[in-house]
1. Which ordering of His153, His188, His76 is given by a fewest-first count of other beta-carbon atoms within 10 Å?
2. Of Glu14, Glu170, how do they rank once you tally other Cβ atoms within 10 Å and put the fewest first?
3. Looking at the square roots a ≥ b ≥ c of the eigenvalues of the Cα gyration tensor of segment 129-175, which shape do they give, rounded for a/c under 1.5, prolate if a/b is larger than b/c, or oblate?
Amino acid sequence: MNKINRIRKRKSRESLFATLFVAAACCFALSGCGEEAKPPAQQQKAEAVKQMPEKQPVPVAAAEVKKTPPEPAGYHYDPMGKIDPFVPLVREVEGMDEQVLDEGPLTPLQRYALAELKLVAVIVAGDQSKAMVEDGKGDGYILSKGTLVGNKHGEVMEIKQNEVVIVEKEINPSTGGIIQKKVSLVLHKSEEEEL
């Protein structure tokens with residue numbers, strides 16, 4: 001029995017030494033984890049850098065600092081002064097006759113488009129110049145300066161040798177303002193005069 005006790009003591013000592021050996025190896029491994037072993041030259045440089053005083057930042061004048069442009073904040077649409085894209089380009093403006101004309105009922109010449117009228121004669125006499133136009137039926141009408149003519153609120157501005165200049169008034173659909181447009185009726189020679 002004595003022999004068995006000795007064997008047990010020896011095994012317990014061996015297990016104790018093995019446990020201590022493993023504990024020492026772990027401690028050694030953990031202590032080396034913080035810093036890697038450096039070659040002597042690198043160690044000296046690292047210590048020299050640690051001993052150097054830290055450089056203080058040099059104050060720089062505000063003008064010398066390069067300002068970086070601000071980050072673009074994304075696209076922003078400014079509708080000021082632009083046409084509304086959701087409003088129809090051509091629309092009927094209410095009260096057009098009241099805005100353009102301050103007249104009474106329409107004359108027979110104002111019921112025709114200028115393309116439907118044909119200039120057939122011109123008499124040039126300064127301020128007393130006259131012109132004659134015909135409609136599609138062959139009815140004739142006399143024009144003088146200031147005569148209202150055409151379905152676009154036209155007015156005779158000038159009578160020349162071979163043409164009559166008419167200024168038409170329209171409303172700009174985007175702004176609502178009045179646009180004046182010059183249109184000319186040109187005298188066509190008859191077939192007898194061309195021969």
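Readers should treat all values here as calculations from the given coordinates under stated rules, not as data from a laboratory. What you see is a predicted model, and the numbers here were worked out from it, not measured in a lab. Cβ placement follows ideal geometry from the backbone for every residue including glycine, while neighbour counts extend to all protein chains displayed.
1. His76, His188, His153
2. Exposure proxy ranking, most exposed first: Glu14, Glu170.
3. Oblate shape, in that a/c is at least 1.5 and b/c is the bigger or equal ratio.
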